[in-house]
1. If you take the residues of the range 144-172 that are part of a helix (DSSP H, G or I) and among the small types (Gly, Ala, Ser), which of them is farthest from the chain's Cα centre (by Cα)?
2. Out of the residues in the range 9-35 meeting the condition of being buried (at least 18 other Cβ atoms within 10 Å of the Cβ) and part of a helix (DSSP H, G or I), tell me which one is farthest from the chain's Cα centre (by Cα).
3. Against the definition (modelled with pLDDT under 90, over 26 Å from residue 100 (Cα atoms) and assigned to a helix (DSSP H, G or I)), how does residue 186 come out, yes or no?
4. Between a first residue in the range 155-177 that is under 13 Å from residue 100 (Cα atoms) and touching a residue at least 40 places away in the same chain (Cβ under 8 Å) and a second residue that is of a type in the set (S, T, N, Q) and surrounded by fewer than 18 Cβ atoms within 10 Å (Cβ to Cβ), which pairs have beta carbons less than 8 Å apart while being 6 or more apart in sequence or on different chains?
5. Quick one: in the range 75-120, of everything that is among the basic types (Lys, Arg) and part of a helix (DSSP H, G or I), which residue is surrounded by the fewest Cβ atoms within 10 Å (Cβ to Cβ)?
6. Can you confirm whether the range 61-74 contains a residue that is in contact (Cβ under 8 Å) with a residue 12 or more places away in the chain, over 19 Å from the mean Cα position of the chain (by Cα) and assigned to a helix (DSSP H, G or I)?
7. Can you name every residue in the range 137-165 that is touching a Pro at 6+ places or on another chain (Cβ under 9 Å) and of a type in the set (Val, Ile, Thr)?
Amino acid sequence: MAENTTRTAYTADTLLAVTVGVFNERGYDGTSMEDLSRAAGISKSSIYHHVRGKEELLRLAVGRALDALFGILDEPAAVSGRPVDRLEHVVRRTAEVLLAELPYVTLLLRVRGNTATELWALDRRRDFDHRVAELLRAAVAAGELRSDVEPRLATRLLFGMINSIVEWYRPGSKGTDGVAEAVAQLAFDGLRARP
């Protein structure tokens, strides 16, 4: 008599979601293909049907977060208008992307440069940070933001506030509505140039 078992059919996307959860829980270096196989409830050979290995899964996961972040820089509100308005849009949308892609951005923020993929991700993160810093400098030069706060410091403080969300935010938790708007208001109330 055949045993009646229901097996979840995995796609690359569903496998990636499970993988990101395990990477965030155990760390990339502390995760084996056996761990991923067990968490997904499929064999290692089934995983290899979708990807070449663990590092490819990491690249897909951090790539998803990076693509979402870089997509912000191409949005109409990020490319036209006053520099301060463009920067505020980027800051608000960065927080929104972090919330929407929380597990993926969390993983991105935890890479340390131990593999080729991690080095690639760190380089792309730095590029994103530099592009936002350039926008901040343009807003300072236009007299729209305070000139007494060094742009590199202001950029680091902005990203520090946004990136810290991964440490405390839990979807559906009481009092977490309006996070992106609160980030933008707090940041720009303090950064705007005073008449």
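The values are calculated or read from the model by the stated rules, or taken from the named source; none is laboratory data. Only a predicted model underlies this, so the values are computations on that prediction, with no experimental measurement involved. Note that we place each Cβ from the backbone using ideal geometry, even for glycine, and neighbour counts take in every protein chain shown.
1. Within the range 144-172, the match that is farthest from the chain's Cα centre (by Cα) is 154.
2. Across the range 9-35, the extreme among qualifying residues is 15.
3. Answer is no for this residue.
4. These pairs meet every condition: 169/176.
5. Restricting to residues being among the basic types (Lys, Arg) and part of a helix (DSSP H, G or I), the top hit is 110.
6. no
7. Going through the range 137-165, the residues touching a Pro at 6+ places or on another chain (Cβ under 9 Å) turn out to be 137-142, 144-145.
Scanning the range 137-165 gives a single hit, 140.
This table checks each residue for (1) among the basic types (Lys, Arg); (2) touching a helix residue (DSSP H, G or I) at 6+ places or on another chain (Cβ under 7 Å); (3) at pLDDT below 90; (4) exposed (fewer than 11 other Cβ atoms within 10 Å of the Cβ).
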position	(1), (2), (3), (4)
133	no, yes, no, no
136	no, yes, no, no
140	no, yes, no, no
146	yes, yes, yes, no
158	no, yes, no, no
162	no, yes, no, no
170	yes, no, yes, yes
182	no, no, yes, no
